[in-house]
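Below is one structure, written out as C-alpha cells; the observations come after it.
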C-alpha cells in the first residue's frame, strides 16, 4: 500500500487547485485499472495468485494486477464501457467501467473481466461502487471505499481502498473478513465529451449516491 503514497499525495495536491467551468457530460473511452493488494491481504483470505491471462500486467509492482479498460465499442464478447460523468464535479454519473483479463487463485479459483459500477444498498463505510467479476466466480468481490477523484474533460483518475465484500467473504466461508481492507485500486481513464445533448443523460439507480459523491469528491 505504500506504493500508492506518492500517487495519492500528487492527487491530493491537485485538489487545492480550483476547477472552473460548467457541467459537461464526459464519457470514459479506455485506460487502465490497477489493484495493489496489501501485504498479507491475500494470504489472510487463503488466496494466492497462481496465474493471469497475458493481457493482465502488474503496473504497480509485486502483489498488483492491472487490467485494460474496454472501449465503448468492445470487440467480441468483451463488455462495452458505458460510464459517463459530469466534469468537473464527477456527479451526476451513470454506466459502468468494463475490463478484460482474468486471474486464477490457488490453481482452481478463477475471476475476471471485471466491472466497476454503482450498486445501491452496500455496507456502511463503502462508497456504493463495487468491483464485480463476470468470469468464473461471478459476483461482487470488493467494495470501493474512500475514493479520491480527479475528473476532467479528457481524463478521470480515481484512487481508493478496496474492501472485501460480504459476498466474497461468504464464498470463502470467512464472514469475519467482510469489510477488511484488502489494498488499493487506481483507475486512470481516458475520456471525451459526450457527442449528445446533456439533456439526454440517463442516470438510473446511481442518483441515490450523488450526495455521497459530492461530499467526498476532490474538486
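As a proxy for reagent exposure, ranking 143, 77 by other Cβ atoms within 10 Å from fewest up yields 77, 143. For the stretch 110-180, the normalised intensity computed at q = 0.15, 0.20, 0.22, 0.25 Å⁻¹ comes to -0.51, -0.83, -0.96, -1.14 (log10 of I(q)/I(0), Debye sum over alpha carbons, equal scatterers, no solvent). The ranking of 33, 81 from fewest to most other beta carbons within 10 Å of each one's beta carbon is 33, 81. Post the alpha-carbon centroid distance, the stretch 33-112 to the stretch 130-144, in whole angstrom. The stretch 33-112 and the stretch 130-144 have Cα centres separated by 10 Å. Taking other Cβ atoms within 10 Å as a rough exposure proxy, 135, 85 sort from fewest to most as 135, 85.
Is the stretch 53-95 best put as rounded, prolate or oblate by its Cα gyration tensor, with a ≥ b ≥ c the root eigenvalues, rounded for a/c under 1.5, and otherwise prolate when a/b is larger than b/c, oblate when not? Cα axes put the stretch 53-95 in the oblate bin.
When the Kirkwood radius is taken over all Cα pairs of the stretch 153-196, what Stokes-Einstein diffusion coefficient follows at 10 °C and 1.306 mPa s, in µm²/s? So the translational diffusion coefficient is about 126 µm²/s. Kindly provide the pair-distance distribution of the stretch 32-127 built from C-alpha pairs, with 10 Å bins from 0 and whole-percent values in order of increasing distance. The percentages, shortest bin first, are 14, 37, 36, 13, 0.
No lab work stands behind these numbers, since they all come straight from the coordinates. Since the structure is predicted, the reported quantities are computational estimates derived from the model, not experimental observations. Cβ atoms come from the backbone with ideal geometry, glycine included; neighbour counts cover every protein chain shown.
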